[in-house]
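Shown next, in structure tokens, is the structure this report addresses.
We did not get these values from a lab; they are worked out from the coordinates using the rules stated. Everything numeric here is computed off the predicted structure, so don't read it as measured data. Here the Cβ is made from the backbone with ideal geometry for all residues, glycine too, and neighbour counts use every protein chain on show.
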Amino acid sequence: MKILILGFKGMLGYELVEAFSEGNELFLWDREQIDITKRDDVIKKIGKLKPDIVINSAAYTAVDRAESEKDAVYKVNGCAVGFLSTICKEIDALLIHFSTDYVFDGENHLGYKEDYLVTKPITLYGRSKVLGEKLITDINPRHYLIRTSWLFGKNGKNFVETMIGLANEKRDIKVVNDQFGSPTYAKDLAYKVREMVNENKPSGIYHITNSNHCSWYEFALKIFEFAGLKPNVKPVKTEEFPTPAKRPIYSMLVNTKLSPMRSWEEALKDYLTETDRIK
Ligand SMILES: NC(=O)c1ccc[n+]([C@@H]2O[C@H](COP(=O)([O-])OP(=O)(O)OC[C@H]3O[C@@H](n4cnc5c(N)ncnc54)[C@H](OP(=O)(O)O)[C@@H]3O)[C@@H](O)[C@H]2O)c1
């Protein structure tokens, strides 16, 4: 199949390239090849390429910076998804797009199923992703809209690397213990998306994360345990860590449509082994 991956230099993009490279004709674009906020370029270039599938992992992901860059975040996470949906509909391509747990307000301690109707973001990043969700579902009937959470992976800044960096500096570390979610290995997500394509899953919204959930503090403890690090780590409440963007308290995305993925603990262990932190 002819597959275009947008944002291939990002954390998830990198793993998507690995997962889809066998048996497909891949076209890899990032900012240098196309600015997805430029409508005419998107329509012209993708219209000319005519891929069977467009996988969009390009996004504005700086959640705190987004609070002061409303135009920029809306253009990339919102309007651009409309442009991609328009051209994909025109050329009859499947559009695979990623969204986030941050489209919810985080008040539901039971977590959020795919059919949970009330998106109620509490950040500009979340609002921009809701706009993207609306545009893809309104415009292109052939789509997978995949919500995921707390990504870590080899090719990007992420919580695991931040914690290891702090522990290596031998600092006292404070980690929030009252926000809960499901850490997700970008590689597992990418292979799950490949499985969906191979199995020709129907269009719709999907929730894909590693199984089980934890607080950021519990996540940090597991990282240190697996990596054999022993920093002085203390659980704290969200109020002690003011950030420009508020975080949802309960970020768990409940998957009711696909076979479950392995636990985040197993995935973390694999990630640390593959990146030489566990011998
Ligand atoms: N990271 C998480 O914890 C997380 C959690 C839930 C959902 N998600 C979603 O998962 C998806 C992938 O996230 P990620 O963390 O892998 O993202 P990422 O590492 O930030 O990568 C995004 C890529 O998109 C590129 N890009 C940004 N604006 C662009 C534009 N206008 N035109 C073309 N390319 C552009 C970026 O280039 P530059 O680096 O030059 O900007 C970067 O290479 C996103 O939809 C995100 O919202 C992520």
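Quick look at the numbers
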| item | result |
| --- | --- |
| Phi to ³J(HN,Hα) by Karplus 6.51 cos²θ - 1.76 cosθ + 1.60 over segment 127-136, Hz, x for Gly, Pro | 5, 5, 5, 4, 4, x, 4, 5, 5, 5 |
| Theoretical FRET efficiency, 1/(1+(r/R0)^6), r = Cβ-Cβ of PHE159 and ILE43, R0 35 Å, to 0.05 | 0.40 |
| Shape category assigned to segment 137-222 from the gyration tensor of Cα positions, a/c cut at 1.5 | prolate |
| Gain in span if fully extended, ASN200 to ARG31, counting 0.36 nm per residue against the direct Cα distance | 57.9 nm |
| Cα centroid of segment 35-96 to Cα centroid of segment 117-188, whole Å | 19 |
| Segment 14-83: mean projected area of Cα convex hull, nm² | 5.3 |
| Residues whose placed amide H lies under 5 Å from that of LEU253, excluding near-sequence neighbours | TYR112, SER182 |
| Global size of segment 205-279 as Cα Rg and Dmax, reported in angstrom | 14.9, 41 |
| Computed [θ] at 222 nm, helices only, for the chain once each DSSP H run of length n ≥ 4 contributes -39500 (n - 2.57) | -11000 deg cm²/dmol |
| DSSP-loop GluC sites (Glu not before Pro) across segment 34-109, with at most 12 other Cβ within 10 angstrom | GLU107 |
| Overall form of segment 151-279 per C-alpha gyration tensor (a/c, 1.5; a/b vs b/c) | oblate |
| Reduced Cα scattering model of segment 124-174, Debye log10 I(q)/I(0), q = 0.22 Å⁻¹ | -0.88 |
| Extreme residue, positive dipole direction of the chain, given options VAL160, MET1, ALA66 (C-beta unit charges) | ALA66 |
| Where trypsin sites (Lys or Arg not before Pro) fall in DSSP loop in segment 147-195, at most 13 other Cβ within 10 Å | LYS157, LYS170, ARG171 |
| Separation of the ASP92 and GLU22 label points, Cα + 7 Å toward Cβ, nm | 3.0 |
| Listed residue pairs exceeding 19 Å between alpha carbons, taken from LYS38/LYS75; LYS120/LYS174; LYS70/LYS187; LYS75/LYS134; LYS113/LYS222; LYS9/LYS257 | LYS120/LYS174; LYS70/LYS187; LYS113/LYS222; LYS9/LYS257 |
| Computed over segment 178-279: relative contact order in percent, which uses C-alpha pairs under 8 Å that are six or more apart | 47 |
| Pairwise FRET efficiency - HIS109 versus SER211, Cβ, R0 = 22 Å, nearest 0.05 | 0.80 |
| Equivalent ellipsoid, the chain (semi-axes from 5 times Cα gyration tensor eigenvalues, Å) | 31, 21, 18 |
| Given charges at beta-carbon only (K, R positive; D, E negative), |dipole| of segment 105-162 in Debye | 200 |
| Separation of the ASP178 and LYS237 label points, Cα + 7 Å toward Cβ, nm | 0.4 |
